[in-house]
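FYI, it's all coordinate maths here, none of it is from the lab. These numbers come from a predicted model, not from an experiment. Positions of Cβ are backbone-derived with ideal geometry, glycine not excepted, and every protein chain shown enters the neighbour counts.
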Ligand code: GUN
C-alpha cells in the first residue's frame, strides 16, 4: 500500500513554486502578493492563517494578513476587499471562513474580484470550472487532484466516487475528475447504498465529515482513497475513512493528519502564483 505523504508532496510543490516565484521576480521585477483577511479570534482560523502566512513567505510571496475583531461591520470588510481588488500589488485575496453571523458570506465572496479569488469560491470561477474554462480551483480539491494524478497519471475511464457534495470540496472535486475523463458518481447523506457505490470505485474521495465512515469492506482492491475529513473524536483526530481497515485493501491512501491538509495550503500558494501570471498576460 502506498501511504500518500501529503507533507512531502506539499514540500515539493512549495519548492517548485519558490523557483517559479524567483523566475517571475526576474522577469517582472515584482512578486505575487497574497492578502488574507481574518475576522475574529477563533483558534482554528488563527492557526490556519498563521500557517498560510508562513508558507507564503517561505516561497517568496508578498504576504499580508488583515485582522478585524468579530464586531467589525460588514461594510468595512467589503470596502477593504474593494480596495484590495484595485491594489496592483495584491494578486490573491482570501477571507478566512467561517465568518461571524452578521456578515453575509456570499456577499463577501462575490465582492472579491474573480481574478483575485484564490479560493475559487466566486460564482464566476465555479462556473468557469464547470464549463472547463480557466479558473481558480478550490485549494483542497486541487490538492486531492494533484495527489491522485501522482499515483495514477492517466485517469481516463476510471470510476470515481466522491462522498460529499459541498461547494468547498465535493462539487469542485467532481469537476476536476470529470475533466480527466473519469466516470464520476457524487454521493451524499441521502444516497441509498453508499457501500455499494463505493465498492464500484477505482478512486474514492471522502469529504463528508463523518468519522471513519468508509470501511474496509466498502473499498475495491487496489482503489485510490483520498480522505478529506478532519473529525475530532474521543480517540483524537480521525478522517472520514477507517484508516487501518482500508489500508489493507487500497492501493494508495492519505493519512489524517499529514495527507490532504498540507497540500491545501501549498495549493493556495499555487493559486496565488497562477492569479499573478494571468494578471501579467
Ligand atoms: N476555512 C476553512 N477552510 C477554508 C478555505 O479553504 N478557505 C477559506 N477562505 N476559509 C476556510
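I need the shape label for region 1-142. Rule: rounded when a/c is under 1.5, else prolate if a/b > b/c, else oblate, with a, b, c from the alpha carbon gyration tensor.
It comes out rounded by the Cα gyration axes.
Return the single residue from 205, 108, 161 with maximal mean-square fluctuation; model: Gaussian network over the chain, springs between Cα atoms under 10 Å.
Of 205, 108, 161, the most mobile in the Gaussian network model is 108.
What shape does region 103-200 take by its C-alpha gyration tensor, where a ≥ b ≥ c are the square roots of the eigenvalues and a/c under 1.5 counts as rounded, a/b above b/c as prolate, and the rest as oblate?
Note, shape of region 103-200 comes out oblate.
Take the Cα gyration tensor of the chain, multiply each eigenvalue by 5, square-root it, and list the three semi-axes largest first, rounded to whole angstrom.
Semi-axes from the Cα gyration tensor: 32, 21, 18 Å.
If you stretched the chain out fully between residue 26 and residue 277, how much longer would it get, using 0.36 nm times the residue separation minus the C-alpha to C-alpha distance?
Between residue 26 and residue 277, full extension yields 89.0 nm more.
With each run of n ≥ 4 DSSP H residues scored as -39500 (n - 2.57), what mean residue ellipticity at 222 nm is computed for the chain after dividing by its residue count and rounding to the nearest 500 deg cm²/dmol?
My calculation for the chain gives -13500 deg cm²/dmol from helical runs alone.
Nearest 5 is fine: what % of DSSP beta bridges in region 186-281 come out antiparallel, could you say?
30 percent
Restricting to the chain, compute how many DSSP beta bridges are antiparallel as a %, nearest 5.
In the chain, DSSP labels about 10 percent of beta bridges as antiparallel.
With everything on Cα atoms, drop me the angle between helix 170-179 and the longest principal axis of the chain, reported from 0 to 90° to the nearest 10.
80 degrees
So how tilted is helix 43-58 from the main axis of the chain? Cα-based, degrees 0 to 90, rounded to 10.
The angle comes out at about 70 degrees.
Once you place label points 7 Å from the Cα toward the Cβ at residue 67 and residue 200, how far apart are they in nm?
5.0 nm
Residues of region 237-265 with amide nitrogen under 17 Å from the 7 Å Cα-to-Cβ point of residue 217?
Answer for region 237-265: 242-250.
Mind checking the full-extension length gain between residue 178 and residue 107? Use 0.36 nm per residue of separation minus the Cα-Cα distance, one decimal, nm.
So the extension gain works out to 22.7 nm.
Sticking to Cα atoms, compute the Rg of region 235-281 to one decimal and its Dmax as the biggest Cα-Cα distance, whole number, in Å.
For region 235-281, the Cα radius of gyration and maximum Cα-Cα distance read 16.3, 50 Å.
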